[in-house]
Amino acid sequence: MTPGAEVARMLDFRAMNPVFSLAVQVLTSKALQGEGAYVYFVERVVPGSFHKIAGRARRVVLFPRHGHGRASASFDGHRETTFGMLHPVAPHYSTLLRFDPQNYPKIVGDVAEKWSFSRDGLALTVTIRKGIKFHDGTPLTAQDVKATYDKIIFPPEGVASARKASFVMVDKVEAPDDLTVVFKLKHIAASFVANLASPWNFIYSAEKLKKDPRWYEKNVMGSGPFVFAEHVAGSHWVGKKNANYFIPGRPYLDGFRAVFIRDTAPRVAAVRSGQAVVEFRGFNPAARDDIVKALGNKAIVQESPWACNILVTLNNEKKPFSDPKVRRALTLAIDRNEGSKALAQISVMKYIGGIFRPGSEFATAPAELGKLPGFGKNIEAARAEAKRLLKEAGVPEGFSFVLKNRNVREPYEVTGVFVVDQWRKIGLNVTHTPLEGGPYFNDLRQGNFDAGVDFDCEFMDEPDLYLLKYLSSDKSPVNYARYKDPTLDELYERQSRMLDLKDRLPILRQMERRALSEQVYQFPILWWQRVVPHSSRLQGWKIGPSHYVNQDLRDVWLAQ
C-alpha cells in the first residue's frame with residue numbers, strides 16, 4: 001500500500017482541521033439589507049494607476065482563523081504568535097519596515113522613510129515619515145517608535161514579549177528628535193533589519209504605554225489603513241477606512257468585517273459558492289479543486305512554497321531515543337519522496353527540505369540534501385540500515401512507543417499517521433496519540449513524551465529564526481527535544497554575525513549536517529504548500545511564502 005493510500009485509509013482528508021480561516025466575502029444586495037448576513041460597510045475604490053472600479057457598492061467580510069479554534073489571548077502583536085490574532089488586527093497598525101507585498105523578500109519602509117548604518121555597522125539611524133497620525137489624532141513620532149521597541153526588546157516586569165530574543169543584539173534605542181530613531185547594537189547581526197520588518201511589531205503610542213504598558217492587550221489604536229470599530233468575541237471584528245492614512249489614496253476599501261468561523265466546510269462552501277472571495281491562509285488541493293470546478297474561469301489559484309514545516313521531535317533524555325543510532329534509524333525509515341507525491345494530493349504537505357525552506361537562498365541543494373539520512377532516494381537501503389542500527393542499539397523487534405500529536409487533522413494528523421506507517425516498516429509498533437493543544441504543548445514542554453509531531457512556521461526566510469528550533473533546549477524555548485549542544489550554539493552565534501551570504505552558507509551547512517545527520521536530535525518530514533484559490537474579482541494581493549506577511553489589506557480591492 002502506498003503512503004498516501006495508507007493515510008487516506010485512516011483519515012478523511014477532504015475535511016480539513018476544525019479551525020478558523022481568513023476569507024473575504026462579497027455579500028449580495030439582498031444580504032446588504034441584512035437578510036441573514038453580517039453587514040458592515042460599502043466598498044468602492046479607484047486604485048491609483050489601475051483602472052477605475054465600476055458597478056454597485058459591495059461589502060467585504062473577513063473570516064480569521066485561529067490555530068486552536070480559540071480567540072487570541074490578547075490583541076497585543078508584541079506578545080502573541082498566532083495568525084488568528086494577526087489577520088484581523090494587522091490592518092489597524094503600521095510597522096517600522098515591511099516586506100514589499102509584490103516583491104518578497106525585498107524590505108521597504110512603512111513608518112520609516114529611510115535608514116542607514118554607521119560605518120562600523122553598530123548603529124542604525126532611521127528617519128520617520130512626517131505627518132503620520134494615530135487613529136486618535138495624535139502625531140506618531142520617533143518617541144513612539146522608541147517606546148514600541150523598548151517594550152519589545154526590554155519589556156517591563158509582567159509584560160510578555162514574544163520576540164525579545166530576536167533583538168538580543170540591541171544595546172539601546174534612542175530618539176534624538178521627533179523624526180529620528182537610532183538603534184545602538186552590541187554587535188553586527190545579519191537578521192536585524194529583517195526583524196524590524198516583522199508584521200508583529202505594531203507601532204504603539206508612547207503615551208498609552210506610559211500610562212499602562214499592557215494597555216494594548218485589550219485595546220486597539222494604531223496608525224494603519226483601517227480604524228478599529230467593533231469586536232464581539234467569538235462573532236466578528238469590524239474595521240473602517242482610515243481617512244487620515246499617511247499613504248495618499250490608500251486604503252482602497254472603505255472597511256472590513258471579520259467573522260470567526262470554526263469549521264472548514266462552511267469556509268470552503270463560501271468560496272466555492274462565490275459568497276466569499278478568498279481565504280488568505282490557504283486550502284488543501286482537494287478544496288482547491290472543488291472551488292475551481294465550481295467557479296470555472298471566475299477562479300484564480302495562487303500557490304507558493306510555505307515557510308512552514310512539520311518535524312518529528314524526539315525526547316533525547318529518554319532511552320532509547322538518547323542513542324543517536326536510534327534517532328538516525330527513525331529518520332532513515334521515512335520515505336519522503338513517496339510521501340511528498342502522495343500527501344501533496346490530499347494535504348498541504350509537499351516539499352522535501354532540510355532546516356531551511358526549499359527554494360529559499362538558504363536552502364540546501366538537492367544533491368547535498370540527498371546525502372543526509374532519510375533524504376536519499378534508495379528507501380530499501382535506508383530501511384535496511386535503519387534495522388541494522390536498531391539491532392545494534394539493542395532495540396527489539398516490535399518495540400513500542402507513543403507519538404504525541406496535535407488533534408488537528410491537517411497537517412498534523414496527516415503527518416502523524418504517515419510517520420507511524422513508515423516506522424512500522426522497520427519493525428516498530430508506534431501508537432499515534434492526538435491531543436488537545438493545551439495538553440499537547442504542556443507534555444512537550446515538560447518532557448512528558450517519547451516522540452512528538454512539531455512544527456516550525458516563520459514570517460520570513462531567516463536562519464536566525466529557523467535555527468532557534470535546533471539550539472540547546474536551555475537556550476531556546478521552542479526546542480522541545482531536550483538536549484544541549486554547545487557546538488550548535490557556537491555555530492549559531494557565528495553565522496548570525498555574518499552579513500555576507502557566501503560566508504554564512506558554509507556554517508549553515510555545517511549546522512544542518514550536525515543537527516540532521518551526526519546527532520539527528522529531531523528532523524523535518526516535509527515542508528508545506530500554500531494554496532489560495534480566490535475569485536478573479538480580488539485584486540492587489542499577491543501570495544508569498546508566509547501567511548503572516550501582507551495582511552494589512554491596504555493594497556486590496558475588488559474588481560467589478
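The values are calculated or read from the model by the stated rules, or taken from the named source; none is laboratory data. Not measured: the values here are computed from a predicted model. Neighbour counts are summed over all protein chains in view; Cβ atoms, including those assigned to glycine, are modelled from backbone coordinates with ideal geometry.
Taking the stretch 177-190 on its own, how many of its residues are surrounded by fewer than 18 Cβ atoms within 10 Å (Cβ to Cβ) and in contact with a helix residue (DSSP H, G or I) (Cβ under 8 Å, 6 or more places away or on another chain)? Explain how you work it out, then say what you get.
Just the residues of the stretch 177-190 that are surrounded by fewer than 18 Cβ atoms within 10 Å (Cβ to Cβ), to begin with: 177-180, 182, 184, 186-188.
From what is left, the residues that are in contact with a helix residue (DSSP H, G or I) (Cβ under 8 Å, 6 or more places away or on another chain) are 177-180.
Looking only at that region, the number is 4.
Among the residues of the stretch 521-554, those identified as under 15 Å from Tyr252 (Cβ atoms) and hydrophobic (A, V, I, L, M, F, W, C) are Leu538, Trp541, Leu553.
Within the stretch 271-313, being touching a residue at least 12 places away in the same chain (Cβ under 8 Å), of a type in the set (Asp, Glu) and assigned to a helix (DSSP H, G or I) holds for one residue alone: Asp290. Screening Lys341, Lys319 for residues that are without any contact (Cβ under 8 Å) to a residue 24 or more places away in the chain and outside the structural domain of Asn284 (by TED's automatic domain parsing) leaves exactly one candidate, Lys319.
Residues considered: Asp212, Asp178. Of these, the only one that is closer than 22 Å to Thr81 by Cα and outside the structural domain of Lys475 (by TED's automatic domain parsing) is Asp212.
Residues that are crowded, with 23+ Cβ neighbours inside 10 Å, part of a loop (DSSP other than H, G, I, E, B) and out of contact with any helix residue (DSSP H, G or I) (no Cβ under 7 Å at 6 or more places or on another chain) do occur in the stretch 106-121, at least one of them. Summed over the stretch 161-186, residues that are touching a Ser or Thr at 6+ places or on another chain (Cβ under 9 Å) and in a loop (DSSP other than H, G, I, E, B) total 5.
With respect to the stated conditions, Val556 fails to be crowded, with 22+ Cβ neighbours inside 10 Å, in contact with a Pro (Cβ under 7 Å, 6 or more places away or on another chain) and in contact (Cβ under 8 Å) with a residue 12 or more places away in the chain. Residues in the stretch 489-522 that are in contact (Cβ under 8 Å) with a residue 40 or more places away in the chain, closer than 29 Å to Gly452 by Cβ and not charged (D, E, K, R): Gln495, Ser496, Leu508, Met511, Ala515, Leu516, Ser517, Gln519, Val520, Tyr521, Gln522.
Of the residues that make up the stretch 476-485, is at least one within 29 Å of Asn550 (Cα to Cα), buried (at least 20 other Cβ atoms within 10 Å of the Cβ) and not acidic (Asp, Glu)? Spell out how you get there, then give the answer.
Pass one, the stretch 476-485, residues within 29 Å of Asn550 (Cα to Cα): 476-479.
If we keep only those that are buried (at least 20 other Cβ atoms within 10 Å of the Cβ) as well, we get 479.
Adding the requirement that they be not acidic (Asp, Glu) leaves 479.
Yes, there is a match, as at least one residue in the stretch 476-485 is within 29 Å of Asn550 (Cα to Cα), buried (at least 20 other Cβ atoms within 10 Å of the Cβ) and not acidic (Asp, Glu).
Could you list, in sequence order, all residues of the stretch 374-390 that are part of a loop (DSSP other than H, G, I, E, B) and either more than 27 Å from the chain's Cα centre (by Cα) or modelled with pLDDT under 95 (or both)? Walk me through how you get there before you give the answer.
Restricting attention to the stretch 374-390, the residues satisfying the condition of being part of a loop (DSSP other than H, G, I, E, B) are 374-378.
Listed by number, the residues that qualify are Gly376, Lys377, Asn378.
Among the residues in the stretch 492-508, are any touching a helix residue (DSSP H, G or I) at 6+ places or on another chain (Cβ under 8 Å) and not in a helix (DSSP H, G or I)? Break it down into steps so the answer makes sense when it comes.
At the first step, the residues of the stretch 492-508 found to be touching a helix residue (DSSP H, G or I) at 6+ places or on another chain (Cβ under 8 Å) are 492, 494-496, 498, 504, 507-508.
The next check asks that each one be not in a helix (DSSP H, G or I); those that pass are 498.
Looking for residues that are touching a helix residue (DSSP H, G or I) at 6+ places or on another chain (Cβ under 8 Å) and not in a helix (DSSP H, G or I), one finds at least one in the stretch 492-508, hence yes.
Does at least one position in the stretch 453-462 carry a residue that is buried (at least 23 other Cβ atoms within 10 Å of the Cβ), of a type in the set (Asp, Glu) and within 18 Å of Thr331 (Cβ to Cβ)? Looking through the stretch 453-462, at least one residue is buried (at least 23 other Cβ atoms within 10 Å of the Cβ), of a type in the set (Asp, Glu) and within 18 Å of Thr331 (Cβ to Cβ). Scanning the stretch 425-447 for residues that are in a strand (DSSP E or B) and either surrounded by 13 or more Cβ atoms within 10 Å (Cβ to Cβ) or out of contact with any Leu (no Cβ under 9 Å at 6 or more places or on another chain) (or both) gives Asn429, Val430, His432, Thr433, Pro434, Leu435. Which pairs have Cβ atoms under 8 Å, sit 6 or more apart or on different chains, and link a residue in the stretch 152-163 that is in the same structural domain as Phe75 (by TED's automatic domain parsing) to one that is among the aromatic types (Phe, Trp, Tyr) and not in a loop (DSSP other than H, G, I, E, B)? Filtered contacts from the stretch 152-163: no entries.
Assess whether Pro266 counts as being over 17 Å from Val532 (Cβ atoms), assigned to a loop (DSSP other than H, G, I, E, B) and not assigned by TED's automatic domain parsing to the domain that holds Ile128.
Numbers: over 17 Å from Val532 (Cβ atoms): yes; assigned to a loop (DSSP other than H, G, I, E, B): no; not assigned by TED's automatic domain parsing to the domain that holds Ile128: yes.
Spelling it out, it is not the case that Pro266 is over 17 Å from Val532 (Cβ atoms), assigned to a loop (DSSP other than H, G, I, E, B) and not assigned by TED's automatic domain parsing to the domain that holds Ile128.
Annotation for the stretch 352-364: at least one member residue is of a type in the set (D, E, K, R), out of contact with any helix residue (DSSP H, G or I) (no Cβ under 6 Å at 6 or more places or on another chain) and either over 22 Å from Pro411 (Cβ atoms) or in the same structural domain as Arg409 (by TED's automatic domain parsing) (or both). Among the residues of the stretch 132-146, is there at least one that is assigned to a strand (DSSP E or B) and surrounded by fewer than 17 Cβ atoms within 10 Å (Cβ to Cβ)? Yes, some residue in the stretch 132-146 is assigned to a strand (DSSP E or B) and surrounded by fewer than 17 Cβ atoms within 10 Å (Cβ to Cβ).
Could you please let me know if Pro366 is more than 30 Å from Leu468 (Cβ to Cβ) and free of Cβ contacts under 8 Å to residues at least 40 places away in the same chain? Let's see the steps before the verdict.
On the way: more than 30 Å from Leu468 (Cβ to Cβ): no; free of Cβ contacts under 8 Å to residues at least 40 places away in the same chain: yes.
For Pro366, the condition - more than 30 Å from Leu468 (Cβ to Cβ) and free of Cβ contacts under 8 Å to residues at least 40 places away in the same chain - is not met.
Taking the criterion of being assigned to a helix (DSSP H, G or I) and of a type in the set (Val, Ile, Thr), the only residue of the stretch 448-491 that qualifies is Thr487. All of Lys151, Lys184, Lys172, Lys164 fail the test of being within 27 Å of Leu471 (Cα to Cα) and either modelled with pLDDT under 95 or among the aromatic types (Phe, Trp, Tyr) (or both), apart from Lys164.
For the stretch 322-338, the tally of residues that are farther than 16 Å from Val419 by Cα, touching a residue at least 60 places away in the same chain (Cβ under 8 Å) and not in a helix (DSSP H, G or I) stands at 1.
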